[in-house]
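Written out below as structure tokens is the structure these notes cover.
The values are calculated or read from the model by the stated rules, or taken from the named source; none is laboratory data. Just so you know, these numbers come straight off a predicted model, no measurement behind them. Here Cβ is always computed from backbone atoms with ideal geometry, including for glycine, and neighbour counts include all displayed protein chains. Only protein heavy atoms, including side chains, enter the accessible area calculation; ligands, DNA and RNA are left aside. Shrake-Rupley method; radii C 1.70, N 1.55, O 1.52, S 1.80 Å.
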Amino acid sequence: MSSQDIPEENLPAEQDHAHGAVGIADEENPFADPGLPPHEHRIQDIDERAAKRSERVVALLFTVSMLATIGFIVAYLAIPNDKQIFVFPIGHISAMNFALGLTLGVALFCIGAGAVHWARTLMSDEEVADDRHAIEAPSDVRAKVHADFRQGAKESALGRRKLIRNTMFGALALVPLSGVMLLGGLGPAPGTKLRHTIWAKGKRLVNMNTNQPLRPEDVAVGSLTFAKPDGLEEHSEEFQTEIAKAALMIVRLQPGNIKDKRELEWSHEGIVAYSKICTHVGCPISLYEQQTHHVLCPCHQSTFDLSDGARVIFGPAGHALPQLRIGVDSEGYLQALGDFEEPVGPAFWERG
């Protein structure tokens, strides 16, 4: 239905929104301002029943958004992580991922579609043109902006159309819960896992290359050996997680060259065991200079003195490498006498 089909007395009053001086193009002024075309009224402008129908459609979209958000939360809590479903033509996919994507997409789409339908059918659609003006905002411009804002708020009928307002607020209030629920997908809280490794009293030191337990005579003076805890196999599911904290480097020094008293007490016949994980960003340390007893991280050149408690002597690392207290068992193999007494690797915000 167009405005030509509506009696003149039912049409809203026209407002003058012409911009500039309307002119006719000629040879002297080929780009004359033609003015705005006549405004075409929508059915919602002249029929309150049509406006009510649009209002109900917008409210329905916002309500569907709320239901989809609730569905997102239910799917996240109720669907098992390992459940698979077949979706043509995609194939077998995770049921949880499919449900989360579908419900979140519907929730966001319905909010957007409701806002667009509201603007296109119920808010004012009269074309308004304004002349260019200076960048600065004089007082009369600011007054006009405030007046336009108030006029826009009035035309949106937000106060009068309570059904739209309430359902919109409900949809906007619920949809952020989807993001809150996704935080749970980041995994369980680490707890104290970063503070401990699988090293424990009695665990033998196993050579990473030969996969054999180490004896003191296997470690020569000036050599660098990498070790892992006995029982940690490379094919195990937890290997990468555990070795990232438990990787060990073993160096044998002359006992007289060890400057730090605690380091000497925690060593065995000059054999010292330190974490292989750099305390800067967690790179594996692999370079050793036997004359100076320094080890170097290849990532950012943090340098540690293994003859002096593995303190930092150069580079961005924040603290010394943790030392593992070692001894020998009844069969003569090197063993740990406990876990590291401080967390290995880079510092973290709750480090004790």
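Checking Ile90, Ile73 one by one, the residue that is modelled with pLDDT under 90, of a type outside the set (Asp, Glu) and under 32 Å from the mean Cα position of the chain (by Cα) is Ile90 and no other.
The residues of the range 107-119 that are closer than 9 Å to Ala68 by Cβ and in contact with a Phe, Trp or Tyr (Cβ under 9 Å, 6 or more places away or on another chain), listed by number, are Ala107, Cys110.
All told, Gly282 falls short of being open to solvent by 40 Å² or more (accessible area, probe 1.4 Å) and touching a residue at least 12 places away in the same chain (Cβ under 8 Å). For the condition open to solvent by less than 40 Å² (accessible area, probe 1.4 Å), in contact (Cβ under 8 Å) with a residue 60 or more places away in the chain, in the same structural domain as Ile258 (by TED's automatic domain parsing) and of a type in the set (D, E, K, R), Asp305 does not qualify. For the range 293-302, a residue qualifies if it is touching an Asp or Glu at 6+ places or on another chain (Cβ under 8 Å) and either over 14 Å from Met249 (Cβ atoms) or buried (at least 20 other Cβ atoms within 10 Å of the Cβ) (or both), and the qualifying residues are His293, Val295. The C-beta contact set for the range 106-126 (first residue touching a residue at least 24 places away in the same chain (Cβ under 8 Å), second residue charged (D, E, K, R) and open to solvent by less than 30 Å² (accessible area, probe 1.4 Å), distance under 9 angstrom, 6+ apart or interchain) comprises Trp118/Glu55; Trp118/Arg161; Thr121/Glu55; Leu122/Glu55; Leu122/Arg161. Considered as a group, the residues in the range 141-160 that are hydrophobic (A, V, I, L, M, F, W, C) and closer than 11 Å to Met123 by Cβ include one that is surrounded by the fewest Cβ atoms within 10 Å (Cβ to Cβ), and that residue is Ala153.
Residues in the range 213-238 that are surrounded by fewer than 14 Cβ atoms within 10 Å (Cβ to Cβ) and within 44 Å of the chain's Cα centre (by Cα) were compared, and the one that is nearest to Gly338 (Cα to Cα) is Gly231. Pick out the one residue from Leu163, Leu122, Leu102, Leu108 that is open to solvent by less than 90 Å² (accessible area, probe 1.4 Å) and more than 19 Å from Arg42 (Cβ to Cβ). Result: Leu163 is the single residue among Leu163, Leu122, Leu102, Leu108 that is open to solvent by less than 90 Å² (accessible area, probe 1.4 Å) and more than 19 Å from Arg42 (Cβ to Cβ).
Among the residues of the range 201-212, those that are open to solvent by less than 40 Å² (accessible area, probe 1.4 Å) and either of a type in the set (Lys, Arg) or in contact with a Ser or Thr (Cβ under 9 Å, 6 or more places away or on another chain) (or both) comprise Leu205, Asn207.
When each of Val180, Val219 is tested for being β-branched (Val, Ile, Thr) and touching a residue at least 24 places away in the same chain (Cβ under 8 Å), the lone residue that passes is Val219. Checking each residue in the range 58-82 for being within 22 Å of Gly187 (Cα to Cα) and in contact with a His (Cβ under 8 Å, 6 or more places away or on another chain) picks out no residue at all.
Evaluated against (1) in the same structural domain as Glu331 (by TED's automatic domain parsing); (2) assigned to a loop (DSSP other than H, G, I, E, B), Leu205 falls short on exactly one condition, (2).
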